[in-house]
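Below is one structure, written out as structure tokens; the observations come after it.
The values are calculated or read from the model by the stated rules, or taken from the named source; none is laboratory data. Predicted model only: the values in this text are computed from it and were never measured. Cβ sites come from the backbone with ideal geometry, for glycine too, and all protein chains shown count toward neighbours. Ligands, DNA and RNA are stripped out before the accessible areas are found, and what is left, the full protein with its side chains, is counted by its heavy atoms. Shrake-Rupley method; radii C 1.70, N 1.55, O 1.52, S 1.80 Å.
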Amino acid sequence: MHIEPVKEKGFYDFLGRQVEPKGLIGWLTTVDHKRIGILYAVTALLWFLVGGIEALAIRSQLAVANQRLYSAETYNQLFTMHGTTMIFLVVMPLAAGFFNYMVPLMIGARDVAFPRLNAFSYWMFLFGSLLINASWLFNAAPNGSWVGYPPLSLFQYSQGHNYDFWLIGLQVLGVASVAASLNFITTIINMRAPGMTMMRLPVFVWMTFVTNFLVVLAFPVVTIALAELMFDRTYATNFFNPMKGGLPIWWQHLFWVFGHPEVYILILPPMGIVSEVLPVFARRPLFGYPLVVGSGMAIGFMGFTVWAHHMFASGMGNIANAAFALTTMTIAVPTGVKIINWVGTLWKGQIRMRTPMLFALGFIYQFMMGGFSGLMHANAAHDSQQHDTYFIVAHFHYVLIGGALFGLWAGIYYWFPKITGRMLNEGRGHAAFWFLFIGFNTTFFPMHWLGLNGMPRRIYSYSHAQGWDELNFLCTCGAFTMAVAVLLLFTDMFWFSLRNGEKAGNDPWDARTLEWTIPSPPPVYNFEEIPQVKALDDFWITKHPELMHHHDDEASHEAGAGHGAGHVHHDDHGIHMPGGSWMPMVASLGFAIGGWGLVHSGGMYHIKEGIQSALDAATKAGINWDTLVNTAQTVVNTKAPDAQNILSVTSAEGVLKLQACYNGVKTAIVGGVLGVLGVFLWALEPIGGYYIVKEKEDRISE
Amino acid sequence: MSSEVLLDNPHEMGCTGMPHRKILMWTFLASDCMFFGSLISTYLVYRGHSTDHPLPEDIFDIPLTSTSSFVLLLSSWLMVLALSAIQKGKLWEFRLWTLGVAFFGSIFLGFQVYEFTHFIHAGLTLKQNLFGSTFFVLTGTHGCHVAIGVLWLMSLFFYSFIGGVTKERSLDVEIAGLYWHFVDIVWIVIFTAVYLLEYII
Ligand code: HEM
Ligand SMILES: [Cu+2]
């Protein structure tokens, strides 16, 4: 094979939309879904280390009573950033890494529908995550939990930029998620290989599909909530200000209308992974494929009907409580359906206990535990006892670590060979599993008791008298055990196996889906020939006709009729690959700089209001703004009011803060312009790219 | 290049026979529905919660806003004409109608600027009361959508002079049109929920 760039007019040669360059520039301009997938996953794993260190810090403080490693303020920042990091910077992007890498391979496509938009999503995610974590450098990390309830989060009660970082950071991350989801929905609808009907899609692809719809429909709601709170803080609006008739509870509604679908955004992809792993290692087809798919859709749909179960303790009234208790309990039904189907897959299977399988089995057991505790507080009467206690902490860690993270780790062990061409070490993998499994249950099971014994969430310390000492110590021991598992995985993944791991070959697990039909790691164009799909689990049926007794009807090879086989792009130039592009990164950098500016304009109108009389006096005395700022600087330095007695020390500080806000606005405008410019150039870029041409073909003779 | 491939981009069409970008736009509009849905619900939830004047009945001028709404609706009609012109390859007609859409959109924006200034003089600001906060943020967000649409259409207009807009590439116009119609429809909902509702309940 060799490569032939598409000829473009001169200007664009310079911008580089030609061949994907090698080295660092290649990564910065990449539009290849596989590279972007790796970028997502590696970034997410790095943030996983950060979030894990925050968790260990939290557990160290709580290890024994009356511990004062950190102040309450630092503790607040630690647990807020821990939650925000784990949800938005770890579980979501790690899942997005798998969407990126695996979905095109599993549906038999050469890339996603919009490769540059895909790159844009990644860069937005990266810059958003850096933005929100930059708050640490200013000693202003978000400090009011990942739910950011007002009035606490209003400017009147938290004047630092802590919440501004949180609000804008999440906003940037939200754009990244929605852009990625639009892309994946289009990809899954529109880029399936011939014969890959919707009901032949691997379950992971289905769960990706449902998840991305949840993102597209739920994120706009939190975007509005965040924007309204941002307006309250920066422009002194009254959305959540009770003094002016605003309703803090309205924030809770908006937040949880997003927040509950969000937890399904976190769990559905791992459910998809587990649905891929179980059949491979039980050597049986997935039991009840249509039911697993259908219950996934049902969960996604019902996920929008249960949000107020997070607000049972807010005094909504009996009718609302009863209604939401009902919907919440109902959602456990499709969840149960999935569990039954997974168990049905294992039943009479020839189970191979390889590492991915261990994690998948751990997932089933622990996720089920989390579901049970969820059902307990789905009952509003129960929840009034459990709300905001460690019982809730136990619940969501069972579903989020025991569920989502175990599922994602199953995915890492399962797909690492495909991505790198090398197997992860089984011995270290088993060890990591047991450390994680034992550590996890030691950390979080006792929290059920702690919660029922009244230990509230989000406290930075407790006294001996409360009788929580032993269990808390146990929890902390468990947390450090989990850290060992993480170290084992990381050293194995990034060091030992990446270098010396056993070579994987195309299909090390004897698996079922299309990604295993091509080399590991796959070539840049994925499939030399776009595959023709004839049945669910086509690849596996081809390999094992003898194992497929009850699927014979499906295997009867009616190739996806009416499925647009003609749209596969075969042209005589060879395989066309899009070229790299700088624009996604430029645009997202612009928007992130804009976000940075917005963070620093936080509180602007409140600050202005606070020094209004000084400002009026200055106007009266004919002092212009620049002079006023200079005077303020002197006043602050000398700690004495100025000669004309216009600025006291406090109002001088206010003037400087206001000046910083104005600078923030300027930065925001510059960033926004850069972002829009990036988008414009992006739209104008021609297709460019290059052709991969097969040598052996007799095209020369044509 | 196979004949189904409409455009010069070989990655444009998919297995459903629909171009990717159309699916993208429809999905985005679904997302935008939730976006405006949240803003409109905020407005409605806070109706009657303001603790200070001015209130809607103090300042709304229905005939004025009806006029600007009518102009915006007319622009949707021009959008249809623009699309149909480019699909038939009538470039000059396309330019004319597109300019018309952008012009009508700008008139709507002009009315909005006028209305906002007028309200601010009447004492309604973002921070004056809940009505001010919810009203300005809701209609302002819609105004931003219109402004983006105007920019987009003007870009197509100028792009058409360097051969960027052709019969074969009429999809570009169709997508912009989808967006434009959506923004118009949203305005009908906003106009009903914000202005007309005052005269019903
Ligand atoms: C059978 C399914 C489930 C039920 C019935 C359920 C029920 C509930 C209820 C009622 C609460 C509110 C408790 C309170 O604050 O008093 C809650 C909290 C929570 N749930 Fe679940 N849940 C289920 C599944 C999940 C899943 C799959 C996830 C995530 C992957 C999840 C993540 C969370 C989180 C993060 C919270 C705490 C939010 C916070 O206050 O910070 N849940 N769950
Ligand atoms: Cu929930």
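Observations on the model:
- Just one of the listed residues (A:135, A:145, A:153, A:71) is touching a Ser or Thr at 6+ places or on another chain (Cβ under 8 Å) and either buried (at least 24 other Cβ atoms within 10 Å of the Cβ) or not assigned by TED's automatic domain parsing to the domain that holds residue A:592 (or both), and it is A:145.
- Tally, over the range A:394-414, of residues that are β-branched (Val, Ile, Thr) and more than 15 Å from ligand 1 (Cβ to nearest atom): 1
- Meets criteria (more than 14 Å from ligand 2 (Cβ to nearest atom), open to solvent by 10 Å² or more (accessible area, probe 1.4 Å), more than 14 Å from every other protein chain (Cβ to nearest Cβ) and closer than 17 Å to residue A:262 by Cβ) for residue A:364: no
- Pairing each residue of the range A:514-525 that is of a type in the set (Gly, Ala, Ser) with any residue that is open to solvent by less than 30 Å² (accessible area, probe 1.4 Å), provided the two are 6+ apart or on different chains, yields C-beta distances under 6 Å for A:520/A:417; A:520/A:418; A:520/A:421; A:520/A:504.
- Total residues in the range B:146-174, condition in contact (Cβ under 8 Å) with a residue 60 or more places away in the chain, open to solvent by 10 Å² or more (accessible area, probe 1.4 Å) and closer than 20 Å to residue B:31 by Cβ: 1
- Selected residue (criterion: farthest from ligand 2 (Cβ to nearest atom)) from residues of the range A:318-332 that are crowded, with 22+ Cβ neighbours inside 10 Å and under 16 Å from residue A:370 (Cα atoms): A:331
- Of the residues screened, residue B:126 is not one that is surrounded by 19 or more Cβ atoms within 10 Å (Cβ to Cβ), within 14 Å of chain A (Cβ to nearest Cβ), touching a residue at least 24 places away in the same chain (Cβ under 8 Å) and not aromatic (Phe, Trp, Tyr).
- Residue that is nearest to ligand 2 (Cβ to nearest atom) [pool: residues in the range A:406-448 that are buried (at least 22 other Cβ atoms within 10 Å of the Cβ) and of a type in the set (Val, Ile, Thr)]: A:443
- Residue check, residue B:107 in a helix (DSSP H, G or I), over 23 Å from residue B:37 (Cβ atoms) and within 14 Å of chain A (Cβ to nearest Cβ): no
- Those residues of the range A:584-600 which are touching a Lys or Arg at 6+ places or on another chain (Cβ under 9 Å) and surrounded by 23 or more Cβ atoms within 10 Å (Cβ to Cβ), in sequence order: A:584
- Selection status of residue A:335, farther than 30 Å from residue A:476 by Cβ and within 15 Å of ligand 2 (Cβ to nearest atom): yes
- Test: residue in the range A:302-317 that is β-branched (Val, Ile, Thr), within 16 Å of ligand 2 (Cβ to nearest atom), closer than 22 Å to residue A:376 by Cα and away from every other protein chain (no Cβ under 14 Å): yes
- Residue match in the range A:657-677 (condition: over 25 Å from residue A:135 (Cβ atoms), open to solvent by 40 Å² or more (accessible area, probe 1.4 Å) and away from chain B (no Cβ under 14 Å)): no
Here is a yes/no grid of residues against (1) more than 16 Å from ligand 1 (Cβ to nearest atom); (2) touching a strand residue (DSSP E or B) at 6+ places or on another chain (Cβ under 6 Å); (3) more than 9 Å from every other protein chain (Cβ to nearest Cβ):
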| position | (1), (2), (3) |
| --- | --- |
| A:227 | yes, no, no |
| A:236 | yes, no, no |
| A:246 | yes, no, no |
| A:252 | no, no, yes |
| A:259 | no, no, yes |
| A:263 | no, no, yes |
| A:274 | no, no, yes |
| A:280 | yes, no, yes |
| A:283 | yes, no, yes |
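- Annotation: residue A:403 fulfils all but one of (1) within 16 Å of ligand 2 (Cβ to nearest atom); (2) open to solvent by 10 Å² or more (accessible area, probe 1.4 Å); the unmet one is (2).
- Of residues in the range A:362-389 being under 16 Å from residue A:455 (Cβ atoms) and under 25 Å from the mean Cα position of the chain (by Cα), the one farthest from ligand 1 (Cβ to nearest atom): A:373
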